Amino acid sequence: MFENILIATDLSRASESIVNCGGAFKKLGAEKAFLCHALGLKHLDELKYQITPLVEPQLKKQKDLLEKAGLKTEIIIAPGIPSIEINRMSEEKDVSLIIIGAHGESLASHLLFKFGSVASEVLHSHKKPLLLVRTEVTEEKDREVCVKVSCSDFRRKILYATDFSDNSHRAFLYVEEIVRRGCKEITLIHVQDRARIEKHLEHKLEEFNTIDTERLEMLKKKILEKGAKNVLLKITYGNPTSEILNELKEGDYSLVVMGSQGRGFIQEIFLGSVSHNIARNASVSVLLVPALR
């Protein structure tokens, strides 16, 4: 599931910190990496031949870092708009996973990593599973001073958020794979959406909790059989985004896994209300699995 990965790079120190996570990607099962840099040339493709020699040395340096981590690596220099090229190359190379660094909307101003730009555009349009690696960047006078990225081992402790939709079940397959790769500690969380329940269905909340607890128990059994050791189940009542973010703050997780389209929502609404908000605001890295198209 994670054998062939595409890592987007803008050649900043932040992107180099993502490349330095090669060992963590290897632990997930990655074998080959496509290191993709988009030049951002809209209608000036002929400039590609002038600019490419300028970026090749840094790309080769990043390639060396990935290969030292045990990943066979191929450099891709694409002429067009980053978000379009990332999605195009992920399809062309049939990768298992797209990897992009994300600082969050209030931090750093790099074109590739700032939300509202490339990371956000890929989030809204990706057809392949997307891993947003959370980084923290300290800046001084528009210059990167320090980059902190938590990727020593994405398998350390996972939060899996589900609404029991078909796409959430697809995301669960990735949880099972990460467990098979060595993850031992997992929390399975389902949030009863207060906005959808309290007006007309609050009298059925206990019934919903019973049904959904049984569903979580079935998932727990599956990952225990795959090798997990410590599996917690949580059902909360409230706003799904807030409840998931609160759990992430309190639980010292290394990764949150969820589908990027949910039960009863068209894609745009769900991205705006849950998946997108988690991706923008989570304190840890986020793995989003899109619906099949």
Taking region 102-121 and keeping residues in contact with a helix residue (DSSP H, G or I) (Cβ under 6 Å, 6 or more places away or on another chain), within 13 Å of S83 (Cα to Cα) and modelled with pLDDT of 50 or more leaves V118, E121
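Among the residues of region 189-197, is any outside any helix (DSSP H, G or I), closer than 22 Å to K157 by Cβ and of a type in the set (D, E, K, R)?
The answer is no; no qualifying residue exists.
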How many residues of region 145-167 are within 19 Å of L224 (Cβ to Cβ) and of a type outside the set (A, V, I, L, M, F, W, C)? The answer is 5
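Please pick out the residue among E214, E207 that is part of a helix (DSSP H, G or I), farther than 26 Å from A291 by Cα, among the charged types (D, E, K, R) and in the same structural domain as T236 (by TED's automatic domain parsing).
After ruling out the rest, the residue left standing is E207.
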Within region 255-282, residues being of a type outside the set (A, V, I, L, M) and at pLDDT 50 or above number 9
All conditions in (1) among the β-branched types (V, I, T); (2) crowded, with 19+ Cβ neighbours inside 10 Å; (3) more than 21 Å from the chain's Cα centre (by Cα) are true of V95 except (3)
R215 vs. criteria at pLDDT 95 or above and exposed (fewer than 15 other Cβ atoms within 10 Å of the Cβ):
no
Residues of region 58-84 being among the charged types (D, E, K, R), closer than 12 Å to I7 by Cα and in a helix (DSSP H, G or I), in sequence order, are K63
- For K222, state whether it is modelled with pLDDT under 95, closer than 25 Å to E177 by Cα, within 24 Å of the chain's Cα centre (by Cα) and assigned to a helix (DSSP H, G or I). no
Those residues of region 3-35 which are under 18 Å from K93 (Cβ atoms), at pLDDT 95 or above and of a type outside the set (G, A, S) amount to E3, N4, I5, L6, I7, F25, L28, E31, K32, F34, L35
Counting only residues in region 177-211 that are within 18 Å of T241 (Cα to Cα) and acidic (D, E), the one surrounded by the most Cβ atoms within 10 Å (Cβ to Cβ) is identified as D193
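The values are calculated or read from the model by the stated rules, or taken from the named source; none is laboratory data. These numbers were taken from a predicted model, which means no experiment stands behind them. Positions of Cβ are backbone-derived with ideal geometry, glycine not excepted, and every protein chain shown enters the neighbour counts.
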